[in-house]
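Read-outs throughout are calculated quantities, based only on the coordinates presented, and are distinct from any laboratory measurement. Bear in mind that the values here come from a model prediction, so they are computed numbers and not experimental data. As a convention, Cβ positions derive from the backbone with ideal geometry for all residues, glycine included, and neighbour counts pool all protein chains shown.
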Amino acid sequence: MDDFRFCPRCSHALESFEHEGKPRLRCADTTCGYVHWDNPLPVVAAIIEHEGLVLLARNKAWPEKMFGLITGFLERGEEPADGVLREVEEETGLKAEMVGLVGVYAFTPRNEVILAYHVRTKGEVRLGEELAEFKLLSPERVRTWPFGTGRALSDWLTIRGVRPSHDNTLTH
């Protein structure tokens, strides 16, 4: 559970309670009624097929050899498909064509729900400020990881008839 200590509505202390077997926080001022449900955040992820190759990117905060999908938080009022197209353009400078939804995946370590899409792009990649580098791989050379967006990538490869190669050295 997040480290909230005070009510965002009235600033009173938050107290723990159990609701349907799950720990929650609520405002100690019973007239306020605020409950922090701690629901997962929606994240969109793009499996980018760039001119026939899979585009993977490395965030500047990640170790040198760690690459992943383009991801981002869904914004208020935004359709998930629009959100993934926006993230692809922000992070790669590419206009993406929607192919379709790959799947929806729980990522419990970060309390997120990932909505993964397959998109196609072409043209020159221009990385956004969050990314350090990218690589393009044939689907057969892509190594997946056993959590989060790696599960989506594995499913996408399987649908395409490519047996996923897993990198089991990664943990969440």
Being under 22 Å from Pro40 (Cα atoms), touching a residue at least 12 places away in the same chain (Cβ under 8 Å) and out of contact with any Leu (no Cβ under 9 Å at 6 or more places or on another chain) narrows Ala132, Ala152, Ala106 down to just Ala106
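Quick one: in the stretch 52-109, which of the residues that are in a loop (DSSP other than H, G, I, E, B) and of a type in the set (Lys, Arg) is surrounded by the fewest Cβ atoms within 10 Å (Cβ to Cβ)? Walk me through how you get there before you give the answer.
Residues of the stretch 52-109 that are in a loop (DSSP other than H, G, I, E, B), as a first pass: 52, 60-67, 69, 74-79, 93-96.
Filter again for of a type in the set (Lys, Arg), leaving 60, 65, 76, 95.
Working: Lys60: 10, Lys65: 7, Arg76: 5, Lys95: 12.
In this case the residue turns out to be Arg76.
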Of the residues in the stretch 24-34 that are of a type in the set (D, E, K, R) and part of a strand (DSSP E or B), the one that is surrounded by the fewest Cβ atoms within 10 Å (Cβ to Cβ) is Arg24
Within the stretch 124-141, the count of residues that are hydrophobic (A, V, I, L, M, F, W, C) and not in a strand (DSSP E or B) comes to 2
Looking across the stretch 97-150 at residues that are closer than 16 Å to Met66 by Cα and among the polar types (S, T, N, Q), the single one that is farthest from the chain's Cα centre (by Cα) is Thr144
### Message
Here is a check on your reading of the model: is Ala81 touching a residue at least 40 places away in the same chain (Cβ under 8 Å), hydrophobic (A, V, I, L, M, F, W, C) and out of contact with any His (no Cβ under 9 Å at 6 or more places or on another chain)?
### Response
no
The residue that is farthest from Arg86 (Cα to Cα), considering only those in the stretch 35-49 that are under 15 Å from the mean Cα position of the chain (by Cα) and assigned to a strand (DSSP E or B), is Leu41
Of the listed residues (Glu89, Glu75, Glu97), the one being among the acidic types (Asp, Glu) and more than 20 Å from Glu49 (Cβ to Cβ) is Glu75
Exactly one of Thr121, Thr158 is of a type in the set (Val, Ile, Thr), within 18 Å of Glu49 (Cβ to Cβ) and touching an Asp or Glu at 6+ places or on another chain (Cβ under 9 Å), and that residue is Thr121
